[in-house]
Amino acid sequence: MAYKYSKGWYLKQLKEKGITKHPVELKKLELYRTFVIRKLYFEHVEKTNQ
């Protein structure tokens, strides 16, 4: 169980949408810091929800 808005929570949300690797660098998301993962979340997940 990850706390809401923690790195683990963002990873879980991205993986539910099918995003497991960084779209440009093609590395696993777990290797990135929280602010990079958060930015990807808002670009890909939040954008599709609106």
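Okay, here's what the table says:
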{"read-out": "Cβ pairs under 9 Å, 6+ apart, first in segment 38-50 and within 11 Å of Tyr10 (Cβ to Cβ), second of a type in the set (Ser, Thr, Tyr) and in a helix (DSSP H, G or I)", "value": "Arg38/Tyr10; Leu40/Tyr10; Tyr41/Tyr10; Val45/Tyr10"}
{"read-out": "Members of segment 24-50 that are of a type outside the set (D, E, K, R) and more than 11 Å from the chain's Cα centre (by Cα)", "value": "Val24, Leu26, Leu31, Thr48, Asn49, Gln50"}
{"read-out": "Odd one out for Gly18 among (1) part of a helix (DSSP H, G or I); (2) on the phi > 0 side of the Ramachandran plot", "value": "(1)"}
{"read-out": "Cβ-Cβ under 7 Å pairs, at least 6 apart or on other chains, segment 12-27 side within 11 Å of Glu43 (Cβ to Cβ) and in contact (Cβ under 8 Å) with a residue 24 or more places away in the chain, far side loosely packed, with under 10 Cβ neighbours inside 10 Å and small (Gly, Ala, Ser)", "value": "none"}
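All of the numbers you see were taken from the coordinates with simple rules; none came from a lab. This is a predicted model, so every value here is computed, not measured. A quick note on method: Cβ atoms are made from the backbone with ideal geometry, for glycine too, and the neighbour counts reach across all protein chains shown.
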